[in-house]
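Asks: If you scroll down you'll find the structure; I have some questions about it.
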């Protein structure tokens, strides 16, 4: 894993998936229908277990382009805090077990932030 420093808090607009992993793409479709230029911004998938690793809460997210944009669009806002993170890039992630509904390896922490890179061909996983 590599070190990654996020210099400033990031305010992101989110749409929560109704289920994981099946609800991921519908959540992104909903987000992109409300934010038409979302593909030109950094897109995130924020996930965390709720009680157990079998119950994952997943939120599709995109950077706000200006303060208050999310509220104007009727979206919830989350803050990705500035700080030091660890990161790893997973290429051709669709073949990777992390997103196929399989349990995460025990070496992965309980709070995971997934940053989508280059139109869904690879992902960068970052965690505190």
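The values are calculated or read from the model by the stated rules, or taken from the named source; none is laboratory data. Predicted model only: the values in this text are computed from it and were never measured. Backbone-built Cβ (ideal geometry, glycine too); neighbour counts: all protein chains shown.
Asks: Any residue that is modelled with pLDDT under 75, in contact with a helix residue (DSSP H, G or I) (Cβ under 8 Å, 6 or more places away or on another chain) and closer than 20 Å to residue 24 by Cβ - is there at least one of those in the stretch 60-79?
Replies: Taking every residue of the stretch 60-79 in turn, none turns out to be modelled with pLDDT under 75, in contact with a helix residue (DSSP H, G or I) (Cβ under 8 Å, 6 or more places away or on another chain) and closer than 20 Å to residue 24 by Cβ.
Asks: Could you please let me know if residue 33 is on the phi < 0 side of the Ramachandran plot and without any contact (Cβ under 8 Å) to a residue 12 or more places away in the chain?
Replies: Taking the combined requirement at face value, the residue satisfies it.
Asks: State which residue is nearest to residue 73 (Cα to Cα) when the search covers only the stretch 1-38 and only residues that are at pLDDT below 90 and in contact with a helix residue (DSSP H, G or I) (Cβ under 7 Å, 6 or more places away or on another chain).
Replies: Here the residue is 38.
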